[in-house]
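Please read the structure below before turning to the comments.
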Amino acid sequence: MGTAVSIELADSEDSGLVDLVCSWFHEVDARFSTYKPDSEVCRFRDGALKLQDASPDLRLVLDRCADLWRETDGYFDAYAGGALDPSGYVKGWSVEVASRKLAEAGSRRHYINAGGDIRMRGSGPSGRPWRVGVRHPWEADKLSWVLELADGAVATSGTYERGAHVYDPRTGKPATGLRSVTVTGPDLAVADAYATAALAMGETGLSWLAKRVAEGYESAAVTDDGRAYTSPGLPIAR
């Protein structure tokens, strides 16, 4: 998947649960990798695989990407680079599914982090809610916020590590205005897509994010010139 994944189980020492999640992530990588020519995504993108012959997972991801394109007025676009690349949805979705698999297998207290996209359930090892540090967008050894969640998701999209990798679909140029966007909510796939879309919007993404609060998604953002914004219900640790 092109990133590191960490799994913490607070209610079990069963290594089989970790194996279950790792197997799922390897399956996702094999199916959705944009770097492996034999992956489903590459074969579909190249025309070697027809939609009706695709797996249920690929069809679901394509449907959700289309839904999110409409919901974000085109700012979340799996075709932003000119060719299909659903990675902006797949990473969050795969972690959300992994968390569900763990819950179904009996783990109700766990934490999965895939490159900064995080899904947690229940309480942490101390019995308190899980804590998540949001990195300062200029000083890597500092935090902008510390969040505290017992059940939910945290996704961050920013330009401070990978540079200008998110594009404004209106101009075709790298997005500017926001340096970092963090979204929390009940579903990691949606939170991740919302963070990416808001980053692509630039500062207008701040008002767009404010409207997502009604859906259960809180947010925090830092602008290119260093101003910080948070929604009223952001779960900041006290």
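The values are calculated or read from the model by the stated rules, or taken from the named source; none is laboratory data. Just so it is clear, the structure is predicted and the values come from calculations on it, not from any experiment. All Cβ positions, glycine included, derive from the backbone under ideal geometry; neighbour counts span all protein chains shown. What goes into the accessible areas is simple: the full protein's heavy atoms, side chains included, and nothing from ligands, DNA or RNA. Shrake-Rupley method; radii C 1.70, N 1.55, O 1.52, S 1.80 Å.
Tabulated data
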| quantity | calculated |
| --- | --- |
| Test item: Cα-centred dipole of the stretch 72-116, Lys/Arg +1 and Asp/Glu -1 on Cβ, debye | 420 debye |
| Translational D in µm²/s for the stretch 117-156 (Stokes-Einstein at 25 °C, 0.890 mPa s, Kirkwood Rh from C-alpha pairs) | 227 µm²/s |
| Total charge dipole magnitude, the chain, about the Cα centre, Cβ charges on Lys, Arg, Asp, Glu only, Debye to nearest 20 | 340 debye |
| Sequence of E148, E104 when ordered by accessible area, the most exposed leading, probe 1.4 angstrom | E104, E148 |
| Hydrodynamic radius by Kirkwood, which averages 1/r over all alpha carbon pairs of the stretch 77-148, in angstrom | 14.3 Å |
| Accessible area (Å², 1.4 Å probe, nearest 10) - S12 | 40 Å² |
| Surface accessible to a 1.4 Å probe, S6 within the full protein complex, Å² | 60 Å² |
| Accessible area per residue, Å², the chain with all protein chains present, probe 1.4 Å | 48 Å² |
| The chain, relative contact order in percent, only Cα pairs under 8 angstrom and at least six apart counted | 17 percent |
| For the chain, alpha-carbon Rg over 2.2 N^0.38 Å | 1.00 |
| Apportionment of accessible area to carbon and sulfur, the chain, percent (1.4 Å) | 49 percent |
| Long-range tail of P(r) for the stretch 1-63 (Cα pairs > 14 Å, %) | 63 percent |
| Per DSSP, loop GluC sites (Glu not before Pro) in the stretch 1-73 with at most 10 further Cβ within 10 Å | E13 |
| Percent of Cα-Cα distances greater than 27 Å, calculated over the stretch 103-235 | 18 percent |
| Anchor K50: aspartates and glutamates whose Cα lies under 13 Å away (excluding residues fewer than 8 positions away in-chain) | E40 |
| Value of D in µm² per second that Stokes-Einstein yields for the stretch 178-238, Kirkwood Rh from Cα pairs, at 20 °C (1.002 mPa s) | 189 µm²/s |
| Relative contact order for the stretch 7-148, counting Cα pairs under 8 Å that sit 6 or more residues apart, in percent | 21 percent |
| C-alpha center-to-center spacing [the stretch 6-55, the stretch 219-234] in angstrom | 33 Å |
| Subset of K36/K211; K91/K142; K142/K211 violating a 31 Å alpha-carbon distance limit | K36/K211 |
